[in-house]
1. Could you check how many residues of the range 84-97 are in contact with a helix residue (DSSP H, G or I) (Cβ under 6 Å, 6 or more places away or on another chain), closer than 18 Å to Ala147 by Cβ and surrounded by fewer than 23 Cβ atoms within 10 Å (Cβ to Cβ)?
2. I want to confirm something. Restricting to the range 160-182 and keeping residues that are open to solvent by 30 Å² or more (accessible area, probe 1.4 Å) and among the aliphatic types (A, V, I, L, M), which single residue is farthest from Gln139 (Cα to Cα)?
3. How many of the residues making up the range 1-57 are open to solvent by 60 Å² or more (accessible area, probe 1.4 Å), at pLDDT below 60, of a type in the set (S, T, N, Q) and closer than 28 Å to Leu82 by Cβ?
4. Tally time: how many residues in the range 101-136 are over 20 Å from Ile83 (Cα atoms) and surrounded by fewer than 19 Cβ atoms within 10 Å (Cβ to Cβ)?
5. Looking for something in contact (Cβ under 8 Å) with a residue 24 or more places away in the chain and either of a type in the set (Asp, Glu) or closer than 12 Å to Ile123 by Cβ (or both) - is there at least one such residue anywhere in the range 159-167?
6. For Tyr66, are the conditions met, namely being among the aromatic types (Phe, Trp, Tyr), over 18 Å from Ile123 (Cα atoms) and either open to solvent by less than 50 Å² (accessible area, probe 1.4 Å) or at pLDDT 95 or above (or both)?
7. Any residue at all in the range 66-82 that is within 20 Å of Gln32 (Cβ to Cβ), β-branched (Val, Ile, Thr) and out of contact with any Phe, Trp or Tyr (no Cβ under 6 Å at 6 or more places or on another chain)?
8. For residues that are modelled with pLDDT of 95 or more and of a type in the set (Asp, Glu), scanning just the range 164-207, find the one that is nearest to Tyr151 (Cα to Cα).
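The values are calculated or read from the model by the stated rules, or taken from the named source; none is laboratory data. None of these values were measured; they are calculated from a predicted model. No Cβ is skipped: glycine too gets one built from the backbone with ideal geometry, and neighbour counts run over all protein chains shown. Side chains included, ligands, DNA and RNA excluded: accessible areas come from the protein's heavy atoms. Shrake-Rupley method; radii C 1.70, N 1.55, O 1.52, S 1.80 Å.
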Amino acid sequence: MTYFKKTVFLFFVLSGFSTAFAQGNYENMGRQAFVKSDFKTAVAQLEKVENNDSNPSVLKMLSYSYFQCGDYEKATDAYSRLITLKPNDYSSYYYRGKARLNIANAPKESLNSMRENFYQTAIKDFTKAIEINGEDDPQILQNRGIAYKDYAIFKSYKIKKAPEKAACVAQFNNAINDFQKVLTVQPFRKDIIALVDYVKAQIASLK
């Protein structure tokens, strides 16, 4: 091998090693920041990892970091990609549901017309998380109950006909059912008891 060929070969070997080292370093720095709950730094580092869509560990940290930074649109998108890789990870559905509910309750102007869809898909995500993890997790039940409640309140502003009122009451009742399930496990939750009373009052106001 001539000196020139050796030099070119060595250049490509070192370039490949340098790239691999940089990618590993981004992941390690992102993981360190994640463990320290420095989610902004975690996002900055993990976004640099190539092919992070095919790396469940990186994608899970990135998804949660987006969520903790309040970037719910990116969190929703990242969790959707993670679910493609790990469709039985209930926590991904749970946090995607929370992200979607946050978007529904405080939408950007460009997303305002999609509020109903975000409520509906948030409820579906919580329901999927419950299907995978079981109905003994009060945190998921509580959040689905809140999603039902918020969706019903949203729908109550648009009631014009009796069927619309009935559909709205059904969502409120779904919320009460979930809150009651939470109280079965944690009977002294004053916040949940207050939510049940609030939802009952909302139903009464529709009559």
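1. Count: 1.
2. Pass one, the range 160-182, residues open to solvent by 30 Å² or more (accessible area, probe 1.4 Å): 160-167, 169-171, 173-174, 177, 180-181.
Now narrow it down to the ones that are among the aliphatic types (A, V, I, L, M): 162, 166-167, 169-170.
Values: Ala162: 33, Ala166: 28, Ala167: 25, Val169: 23, Ala170: 22 Å.
Per the stated criteria, the residue is Ala162.
3. Residues meeting the conditions: 1.
4. Kept after step one, since they are over 20 Å from Ile83 (Cα atoms), are these residues of the range 101-136: 104-116, 135-136.
Narrowing the set further to residues that are surrounded by fewer than 19 Cβ atoms within 10 Å (Cβ to Cβ) leaves 105-116, 135-136.
Looking only at that region, the number is 14.
5. The initial filter retains those residues of the range 159-167 that are in contact (Cβ under 8 Å) with a residue 24 or more places away in the chain, namely 159, 165.
Checking which are either of a type in the set (Asp, Glu) or closer than 12 Å to Ile123 by Cβ (or both) leaves us with none.
Checked against the condition, which is being in contact (Cβ under 8 Å) with a residue 24 or more places away in the chain and either of a type in the set (Asp, Glu) or closer than 12 Å to Ile123 by Cβ (or both), the range 159-167 yields no hits at all.
6. Values: among the aromatic types (Phe, Trp, Tyr): yes; over 18 Å from Ile123 (Cα atoms): yes; either open to solvent by less than 50 Å² (accessible area, probe 1.4 Å) or at pLDDT 95 or above (or both): yes.
Yes.
7. Our first condition is that a residue be within 20 Å of Gln32 (Cβ to Cβ); within the range 66-82, this holds for 66-69, 78.
Within this subset, residues satisfying the condition of being β-branched (Val, Ile, Thr) are none.
There is no residue in the range 66-82 that is within 20 Å of Gln32 (Cβ to Cβ), β-branched (Val, Ile, Thr) and out of contact with any Phe, Trp or Tyr (no Cβ under 6 Å at 6 or more places or on another chain).
8. Ranking the qualifying residues of the range 164-207, first place goes to Asp178.
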